[in-house]
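The values are calculated or read from the model by the stated rules, or taken from the named source; none is laboratory data. Note that the structure is a prediction, hence the values are computed from the model and not measured. In this analysis, Cβ positions are derived from the backbone assuming ideal geometry, glycine residues included, and neighbour counts consider all displayed protein chains. Each accessible area value is taken on the protein alone, full model and side chains, heavy atoms only, with ligands, DNA and RNA left out. Shrake-Rupley method; radii C 1.70, N 1.55, O 1.52, S 1.80 Å.
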Amino acid sequence: MDTYPVFFHNKIISKDKVTLHFTSPAVQYGIHVFEGISFLKVKNKRYLFRFKDHIDRLFRSCEKLDLEIENSYDTVLNSTLFYIKNINPKEDCNIRISIIPLEGSWSSSALRGKLLISAFPTSTQLLANKRENLSLKVTKIFKTSKESIDQSAKVGANYLNARYAQLESLRENFDSCLLTDQHHFISESAGSNIFLIKDNNLYTPCKKSNILHGITRDTIIKIAKFENIKVEECLINKKDLSKFNSAFLCGTSMKIKPVTQIDNLYFDPENNQYLKIKESYLNCLNNPGLYNKNWHLEV
């Protein structure tokens, strides 16, 4: 297993040289923005998947927090490419781009953020559940209201809500959690979006459901429409979960994983439409230009 250095203070250094003072707003309050981007090795070539879409969201998230990035948009792009060229990953990786304020208070009108880039082999991602078939618990912990905290921003502190829900699920021997809003509409799991299948159609909570606007979610929606599979982005009440035949989670590091159980309901991990979507998504990753010529950036 390769361990990689990081890019910090505009240079590549070993991980043990990274210092972050305990008074940093990132440490004290979870105020930092990040993106995880798939680095893929395909037929002796190397690609970043939907790289600019991730960077666009990174900058949108920073803007919502008044977190000023010290680097320009193009500098973040070029620094990431410089980093990958120098570490020369030998395997598929998750490239983590973080914007971290080194000093200041949570109450400051604006914070200045420092760019940190790191890489983790996909096979070692600690947050990617290693089980293939997942069981979920609909938790008593509600998804934080979008009127309180904008969950569309990929901000460290936003994951605290999922942390509480995840711990509740683990205590009851489930693999992960499924959060709803206070009206009992399905939102998302811990760090991943959810899709459900009924009558060969896909259903996924709409953006009103206070979800992270996942790039993997968006990819699956676009692939499904290309394959003439109907997709509905809608409100899904938890009482209606029994009407669905199959379910799966998706995210950058986990890709696609079947859900076999939600509370006391069971779902088919071999559902033909699920298998078709999974195959199409993996084909998309491994065949640049198959669905969109702009999704793969060769590095």
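What about residue 34, is it more than 13 Å from residue 101 (Cβ to Cβ) and not small (Gly, Ala, Ser)?
When the stated conditions are applied, residue 34 does not pass them.
Filter region 268-299 for residues that are among the aliphatic types (A, V, I, L, M) and within 22 Å of residue 135 (Cα to Cα); which is least open to solvent (accessible area, probe 1.4 Å)?
277
Just one of 160, 126, 134 is more than 17 Å from residue 174 (Cβ to Cβ) and at pLDDT 90 or above; which is it?
The conditions single out 160.
Going through region 70-118 one residue at a time, which ones are of a type outside the set (A, V, I, L, M), open to solvent by 20 Å² or more (accessible area, probe 1.4 Å) and assigned to a helix (DSSP H, G or I)?
Within region 70-118, 73, 74, 75, 78, 82, 85, 86 meet the criteria.
Does residue 35 satisfy being among the charged types (D, E, K, R), in contact (Cβ under 8 Å) with a residue 40 or more places away in the chain and assigned to a strand (DSSP E or B)?
Spelling it out, residue 35 is indeed among the charged types (D, E, K, R), in contact (Cβ under 8 Å) with a residue 40 or more places away in the chain and assigned to a strand (DSSP E or B).
Among the residues of region 256-267, count how many are of a type outside the set (S, T, N, Q) and surrounded by fewer than 17 Cβ atoms within 10 Å (Cβ to Cβ).
So the answer is 3.
Rundown of residues vs (1) in a loop (DSSP other than H, G, I, E, B); (2) of a type outside the set (A, V, I, L, M, F, W, C); (3) over 26 Å from residue 155 (Cα atoms); (4) in contact with a His (Cβ under 9 Å, 6 or more places away or on another chain), yes/no style:
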position: 202; (1), (2), (3), (4): no, no, yes, no
position: 211; (1), (2), (3), (4): yes, no, no, no
position: 221; (1), (2), (3), (4): no, no, no, no
position: 229; (1), (2), (3), (4): yes, no, yes, no
position: 248; (1), (2), (3), (4): no, no, no, no
position: 261; (1), (2), (3), (4): no, yes, yes, no
position: 269; (1), (2), (3), (4): yes, yes, yes, no
position: 280; (1), (2), (3), (4): no, yes, yes, no
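Given (1) in a strand (DSSP E or B); (2) out of contact with any strand residue (DSSP E or B) (no Cβ under 8 Å at 6 or more places or on another chain), where does residue 16 come up short, assuming only one miss?
All conditions pass for residue 16, except number (1).
Out of 196, 235, which single residue is touching a residue at least 24 places away in the same chain (Cβ under 8 Å), touching a strand residue (DSSP E or B) at 6+ places or on another chain (Cβ under 6 Å) and either more than 27 Å from residue 161 (Cβ to Cβ) or open to solvent by less than 10 Å² (accessible area, probe 1.4 Å) (or both)?
196
Return the only residue of 64, 52 being closer than 17 Å to residue 110 by Cβ, part of a helix (DSSP H, G or I) and open to solvent by 50 Å² or more (accessible area, probe 1.4 Å).
Only one candidate passes the filter, namely 64.
Considering 201, 271, 237, which residue is touching a Phe, Trp or Tyr at 6+ places or on another chain (Cβ under 8 Å) and modelled with pLDDT of 95 or more?
Just a single option satisfies the conditions, and that option is 237.
Would you confirm whether or not region 146-167 contains a residue that is over 30 Å from residue 85 (Cβ atoms), charged (D, E, K, R), open to solvent by less than 50 Å² (accessible area, probe 1.4 Å) and in contact with a Phe, Trp or Tyr (Cβ under 9 Å, 6 or more places away or on another chain)?
Looking through region 146-167, none of the residues is over 30 Å from residue 85 (Cβ atoms), charged (D, E, K, R), open to solvent by less than 50 Å² (accessible area, probe 1.4 Å) and in contact with a Phe, Trp or Tyr (Cβ under 9 Å, 6 or more places away or on another chain).
Mind checking which residues of region 209-232 are more than 21 Å from residue 275 (Cβ to Cβ) and open to solvent by 60 Å² or more (accessible area, probe 1.4 Å)?
213
So if I check each of 23, 3, which one is outside any helix (DSSP H, G or I) and open to solvent by less than 70 Å² (accessible area, probe 1.4 Å)?
Just one listed residue meets the conditions, 23.
Right, residue 242: part of a helix (DSSP H, G or I), open to solvent by 10 Å² or more (accessible area, probe 1.4 Å) and of a type in the set (Gly, Ala, Ser) or not?
yes
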